[in-house]
1. For region 304-315, check the following and say yes or no: at least one residue is farther than 30 Å from L377 by Cβ, surrounded by 18 or more Cβ atoms within 10 Å (Cβ to Cβ) and modelled with pLDDT of 90 or more.
2. Specify which of the listed residues (V442, V465, V484, V392) is over 26 Å from L564 (Cα atoms), assigned to a helix (DSSP H, G or I) and touching a residue at least 60 places away in the same chain (Cβ under 8 Å).
3. I271 - would you say it is in contact (Cβ under 8 Å) with a residue 12 or more places away in the chain, among the hydrophobic types (A, V, I, L, M, F, W, C) and touching a His at 6+ places or on another chain (Cβ under 9 Å)?
4. Could you identify the single residue in W504, W526 that is aromatic (F, W, Y), closer than 30 Å to V451 by Cα, crowded, with 20+ Cβ neighbours inside 10 Å and in contact (Cβ under 8 Å) with a residue 40 or more places away in the chain?
5. Among the residues of region 218-252, what is the count of those that are farther than 12 Å from A179 by Cβ and among the polar types (S, T, N, Q)?
6. Report, by residue number, each residue of region 220-233 that is more than 23 Å from the chain's Cα centre (by Cα) and either surrounded by 17 or more Cβ atoms within 10 Å (Cβ to Cβ) or outside any helix (DSSP H, G or I) (or both).
7. Looking for something surrounded by fewer than 19 Cβ atoms within 10 Å (Cβ to Cβ), of a type in the set (V, I, T), modelled with pLDDT under 80 and not in a loop (DSSP other than H, G, I, E, B) - is there at least one such residue anywhere in region 141-153?
8. Out of all the residues in region 331-352, which are buried (at least 18 other Cβ atoms within 10 Å of the Cβ) and either touching an Asp or Glu at 6+ places or on another chain (Cβ under 6 Å) or in a helix (DSSP H, G or I) (or both)?
Amino acid sequence: MTEPRAVLTRLTAECHAVSWQLYRVSAELAELDRQLSAPSLPPPVPGPVHPVTAPAVPSRPASPSSREEPKPAVTVGDSGWIGKLLAVAGVTVTLVGVVLLLVLAAQAGILRPQIRVAGGFVLSAVLVGAACRLHSRPGGRTGAIALGATGIAAAYLDIVAITAYYQWVPAAVGLVVAAVVGGAGLVAARRWDSEHLAVLVLVPLIGLAPVLTGDVDLLLIGFLLALSATALPIQLGKDWTGMFGARIAAATLPLLAALVAGSGHDHRLLIGGACAVAAILAVLSGLLVLPTSARPGPIALLTAAGTVPALAAGAALDRVSASMLAGALSLLMLVVVVAHRALQPVAVQVFAALSAVAALIAVTTAFHGSVLAPVLLGMAVLIAIAGRRSGVARWAAAGFGFAGGIVYLDYAAPGNLITPTQLPVADTVATLVASLLVIALVVAVARAYAVAENTDPANAPILAVAGGGLIGYGVTAFTVTAGVAIGGTGAGFLTGHMAATLCWITMAALLLRHALRLADRGARTWAIAAGLALTGAATAKLFLFDLGTLDGMFRVAAFIVAGLLLLGMGTGYARSLAQQDER
């Protein structure tokens, strides 16, 4: 035997010897820990002893200080971590030995490749067999899990060698063999009730698959989707959040990689279909696992993470297909929230937010240009009306309204209200419709807030001022745009501003009148605050803008009519209060 071969053989034997010694020490420490933690047996009761007659000796009564106090039992700290630490060390050393056998031995020309690969598989089988034997013994759980994970990892390394290194079998065959090995490991994890073993089996397989295929292709995506689906029954009835996250990662990560690198991909529709399958699998897994999970929040968030490829499918699909996929996901999550009454509150909130985000992505993907703002604002109004008693719905309506408002300000900019601007027909129609929807959204959100529970009354004035400002802007944009469209940038612009000021004051009067009819104190506070905010804004606009912008009869008419309206408001409000006092 040559010198290098002898050295390598000796090192391999020493690695194996150290590994087995560590396993033995781990098992013995675990057994010692079990014995120390077990309750101690009481001492044996002595048999009857015949007393021996002796002269009585008077004795002094024992003082309290001389009584023996019971000594506390010596407690031994939890030493289970020692066995786990040694098990991890044994796993590391053994895997290093396998790498030495497969790679360094090949570089040194020691043994034939078939012998090296066969030796790796034999070692893997021996480790798994030892794990099964050790698990049946008292205190052998930690060592068994470590041995089993090591054996499966060694088998994975052998599969990499025969597929990617030696290229003896195609990638598809390597994936099938790896799936068989991983499935056996997951079954063992289920029988042994060990989430750690399940994660140690699943995570290396997720990292191994790209090495076998050499690229993120449809074969890899399909394999990992199938792996995630077939691993689901292993988790049913178990509160294994780590394994759930590993399954979600198995289905999600390759799809995201394909979407990022798929600008010129030839299988766009297949990738889009895989995104849909991953989303359905994630939602189905979440619904099956949530009832038995003690941590519904992380499970719901991981479920939402599993739908990310479907939300990002626009990177590979055309606009229509991507919007349809996101819209279908939004509808699916909405049905889950409405129909599944047994969901935990945190899961309902996460799924409702996911439905809103998917709907927003679907709308922004499908629509562009001037029509986008009315669509977003219209959806915000519908959500605010339909879900007025839901906090998540109110936030979703606010989100849609914010997105629609950003698009709305793109062509209904404040500069158009200061400088006469003739807009294209499409932008004019969109501005008129979106302005009305802004007003309707503020009213719908205000009504939803008025009937909502657990709201802070101190926020009512702030929200009323913000709502009044939005209504004022929407009214002004509507009247000015309509005036310019009808009468041009001269008289039409001035008429629009005069009408806007008068509309502000009229709406303030209607709000104050409505407030007097409300029996609910909170709702009355809302209406009064909004009415006063509109009144102040109208008066400020009258003196700060209209006085300098309007000229001639437009200025005169604006001040006279506004003054009469304010007088009527004050008189009517005072009379209404007096009538209420008389009652």
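The values are calculated or read from the model by the stated rules, or taken from the named source; none is laboratory data. What you see is a predicted model; the values in this text were computed from it and never measured. Virtual Cβ from ideal backbone geometry, glycine too; neighbours counted across all protein chains shown.
1. yes
2. V484
3. Spelling it out, I271 is indeed in contact (Cβ under 8 Å) with a residue 12 or more places away in the chain, among the hydrophobic types (A, V, I, L, M, F, W, C) and touching a His at 6+ places or on another chain (Cβ under 9 Å).
4. W526
5. Final tally of qualifying residues: 3.
6. Residues satisfying the conditions are L220, F223.
7. So far as region 141-153 goes, no, none of its residues is surrounded by fewer than 19 Cβ atoms within 10 Å (Cβ to Cβ), of a type in the set (V, I, T), modelled with pLDDT under 80 and not in a loop (DSSP other than H, G, I, E, B).
8. L332, M333, V336, V337, A347, V348, Q349, V350, F351, A352
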